[in-house]
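The values are calculated or read from the model by the stated rules, or taken from the named source; none is laboratory data. Keep in mind it's a predicted model, so treat the numbers as computed, not measured. Ideal geometry is used to build each Cβ from the backbone, glycine not excepted, and the neighbour counts take in all protein chains shown. These accessible areas exclude ligands, DNA and RNA; they are computed on the full protein's heavy atoms, side chains included. Shrake-Rupley method; radii C 1.70, N 1.55, O 1.52, S 1.80 Å.
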Amino acid sequence: MWKKFIALSMGLVLCASLLAGCGKKENINTGDVNGGNTTTEGSTNQDSGKKVDIRVTRWGDTENKAEKQLIDEFNANNDKNINIIYDVVPGDGYGDRLTTSFSSGDGYDVFLSGEGDFFKWADKGLTYPMDELMANDESLEGTISDSLMQMGNINGKQNYIVADQNPICLYYNRDMFDAAGIEYPNDDWTWEDLFAAAEKLTVKNADGSYESYGFNAQSWGYAVMTYLESLGLEFMNEDGTVADGYLNNPEVATALEKYFAMAEEPNKVSPASADLDTFGSATSMMVNNKLGMFISGGWDVIPLREAGINYGTALIPGNHKSYVCAGGYAIGANTKNPEAAWEVVKLLTSPKASELRQELEGILPTSKEGMEEFLKTADERDHALIRTLDYGVQPIGMRSELGSKINEKTSEIFERIIYKDGTAQEILDETLASLK
């Protein structure tokens, strides 16, 4: 399985995709992690005996994160005269924070990027290529798989080191399936099977309100694009050079309308955005037995497990193709301390970091050895999540320059379809015209 995924990943053309395509969006927490004695920002003499501040940012939250533990320990014990200042930003504002910080002439020394923005930030000149730093580092260990290293190689330069990988699969609530007398999803499932199960899992109260929903037809781009991929539909041709006839394919328009119609009356089986304001996230809904199925990545394993939910994972229906997400750390182009920043990147992408992410966040290891060890003890409920790697495809934005441009339009496309700003076909036609 692993060899198959390596071959698949190595064979794909790598370009850009969604901002922070994967992961959760939580609260902001800024400032010096351990409050140690530091010099002012911009100190360049790492050997002076004074601490050099390295500012690191990522999106999400600081609770139960591998980075938090690694940084706390590093700040307390490192002998490299480095102090890491850890700035965590909510996902919704992350891209703006990065752009603003760099446009001011400052910028972070190290920042995390979703795979969808690898090309975007490199093309904007925000990244500092790490090739020379890597070549001069005799202590560097090649533990990350070649395919993931190549994923961070943008325009022939190593602009990112991948810190995690996350396939997307179908999660389902076994207790809800049992109560409804429905067989669990299997490898032969089609999307028609999923729609039929979602109808049976959706329960209405006497007053017309909904007690539970069968599936979450969310507007999250990676879930929607995975749905299309699993139907054999694409927004562009295989080599990523032509969108005409693909993006505006009537079959694509029909599929998208059918997908988002699941959140509409009269045959509603999915919460709409307003419903999520009431019920909470899809994860919260499943924890509260209000949702039968949703599409997500490995990051949902830990919260479901900790909540004691009797969940299962299944391959995406259809041909099982599924997006594989990844996050990578880059050195900021404006850093005054590239060598110190490189030490921090190594820390955050180390085997220890990978082990902690797997333990605390359910994220699959980045090394072949780590994956082999993980497979020996993996929970039966998570087997389909791991098997998804066999069908993994890299997001559209990572396949070509055209794919990157299309990727920037996907959120707008899906929102417009949801809010009926024209038919799906009209919206796709207009999007295609805007690319020319």
- [ ] Please determine, by comparing only the residues of the range 66-76 that are touching a helix residue (DSSP H, G or I) at 6+ places or on another chain (Cβ under 7 Å) and open to solvent by less than 60 Å² (accessible area, probe 1.4 Å), which one is modelled with the lowest pLDDT.
- [x] Ala66
TODO: Take the residues in the range 231-270 that are under 30 Å from Gly292 (Cα atoms) and among the small types (Gly, Ala, Ser), then tell me which one is surrounded by the fewest Cβ atoms within 10 Å (Cβ to Cβ).
DONE: Gly232
Task: Residue within the range 217-230 that is crowded, with 20+ Cβ neighbours inside 10 Å, over 25 Å from the mean Cα position of the chain (by Cα), of a type outside the set (Val, Ile, Thr) and modelled with pLDDT of 95 or more present - done: no
Open item on the list: All but one of (1) open to solvent by less than 20 Å² (accessible area, probe 1.4 Å); (2) outside any loop (DSSP other than H, G, I, E, B) hold for Thr99; state the number of the condition that does not hold.
Closed with: (1)
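Quick check, is Thr57 surrounded by fewer than 24 Cβ atoms within 10 Å (Cβ to Cβ), at pLDDT below 90, of a type in the set (Val, Ile, Thr) and not in a helix (DSSP H, G or I)?
No; evaluated as a whole, the condition is false for this residue.
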Open item on the list: Cβ-Cβ distance below 7 Å, separation of 6 or more or different chains: which pairs start in the range 404-420 with a residue that is without any contact (Cβ under 8 Å) to a residue 24 or more places away in the chain and end on one that is among the acidic types (Asp, Glu) and surrounded by 22 or more Cβ atoms within 10 Å (Cβ to Cβ)?
Closed with: none
Task: Unmet requirement for Ile154, which otherwise passes all of (1) closer than 21 Å to Leu402 by Cβ; (2) modelled with pLDDT of 85 or more; (3) within 18 Å of the chain's Cα centre (by Cα) - done: (3)
- [ ] Tell me, please, whether a residue that is surrounded by 14 or more Cβ atoms within 10 Å (Cβ to Cβ) and outside any strand (DSSP E or B) can be found in the range 204-215.
- [x] no
- [ ] Tell me the helices (runs of 4 or more DSSP H) entirely within the range 320-403 that contain at least 1 residues that are in contact (Cβ under 8 Å) with a residue 12 or more places away in the chain and of a type in the set (S, T, N, Q).
- [x] 351-361
Task: Within the range 110-168, tally of residues that are in a loop (DSSP other than H, G, I, E, B) and surrounded by fewer than 15 Cβ atoms within 10 Å (Cβ to Cβ) - done: 11
Task: Whichever residue in the range 161-201 is at pLDDT 95 or above, polar (S, T, N, Q) and in contact with a strand residue (DSSP E or B) (Cβ under 9 Å, 6 or more places away or on another chain) and, among such residues, is nearest to Met151 (Cα to Cα) - done: Asn186
